[in-house]
1. Could you please tell me which pairs satisfy a Cβ distance under 8 Å, a separation of 6+ or placement on different chains, a first residue in the range 60-83 that is within 15 Å of Ile6 (Cα to Cα), and a second residue that is open to solvent by 70 Å² or more (accessible area, probe 1.4 Å) and not in a strand (DSSP E or B)?
2. Restricting attention to the range 45-67, which residues are outside any strand (DSSP E or B) and touching a helix residue (DSSP H, G or I) at 6+ places or on another chain (Cβ under 6 Å)?
3. Would you pick out the residues in the range 99-113 that are within 16 Å of the chain's Cα centre (by Cα), of a type outside the set (D, E, K, R) and open to solvent by 50 Å² or more (accessible area, probe 1.4 Å)?
4. Give me a count of the residues in the range 20-64 that are farther than 29 Å from His122 by Cβ and surrounded by 13 or more Cβ atoms within 10 Å (Cβ to Cβ).
5. Among the residues of the range 89-98, how many are crowded, with 17+ Cβ neighbours inside 10 Å and in a loop (DSSP other than H, G, I, E, B)?
6. I need the full set of residues from the range 1-19 which are open to solvent by 90 Å² or more (accessible area, probe 1.4 Å) and either farther than 21 Å from Lys76 by Cβ or touching a His at 6+ places or on another chain (Cβ under 9 Å) (or both), in order please.
7. Could we say that Val79 is farther than 30 Å from Glu15 by Cβ and touching a strand residue (DSSP E or B) at 6+ places or on another chain (Cβ under 7 Å) here?
8. Would you mind stating whether Val124 is part of a strand (DSSP E or B) and of a type outside the set (Ser, Thr, Tyr)?
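The values are calculated or read from the model by the stated rules, or taken from the named source; none is laboratory data. Model, not experiment: these values are computed from the prediction. No Cβ is skipped: glycine too gets one built from the backbone with ideal geometry, and neighbour counts run over all protein chains shown. Protein only, heavy atoms only, side chains kept; ligands, DNA and RNA dropped before computing areas. Shrake-Rupley method; radii C 1.70, N 1.55, O 1.52, S 1.80 Å.
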Amino acid sequence: METTRIKVGLEFPPEKTDKPFVAKLVRFGVDLNILKARISPGKMGNIILELTGSEADIQKSLDFLEQQDIAVKIYKDSVIRYEEKCMHCGACTSVCPSGALVMNKQTWELEFDMEKCLLCGHCVKACPARAIKSFDEVLL
């Protein structure tokens, strides 16, 4: 069985933030890693998760969440880099906690690995040239 890994954003309505929906995903045979969360009882809640498992098990877990009226967004990208603006200064690499952004030591050019990205957004804030934008920021 092939293992799949995806990153998903969940948006909880205020009346659902005090329920353990994320904990119940384990029942579907998926491993989960909470990358980012902003949850307060009685307020809109957001969580970004990395789910790992078979495609079928991941789909079952996403179907479960949607049945609970939790909005699900699958992230295929995390940040958008504007290569023409990038100065390859490396400022973003110093704040990247996962090593998704690194400088190639032969070419001294910035390299990005989506698999390692935690969707934290630190690189967006650190970039002096504004050559990196969050995927959500571009969609707004």
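1. Val72/Glu66
2. Of the range 45-67, the ones outside any strand (DSSP E or B) are 54-67.
Scanning the range 45-67 gives Asp57, Lys60, Ser61.
3. Step one: of the range 99-113, the residues within 16 Å of the chain's Cα centre (by Cα) are 99-101, 112-113.
Going one step further and asking which of them are of a type outside the set (D, E, K, R), we end up with 99-101, 112.
Scanning the range 99-113 gives a single hit, Phe112.
4. The number of residues fulfilling the criteria is 8.
5. 1
6. Filtering the range 1-19 for residues open to solvent by 90 Å² or more (accessible area, probe 1.4 Å) gives 1-3, 5, 15, 18-19.
Passing the criteria: Met1, Glu15, Asp18, Lys19.
7. yes
8. no
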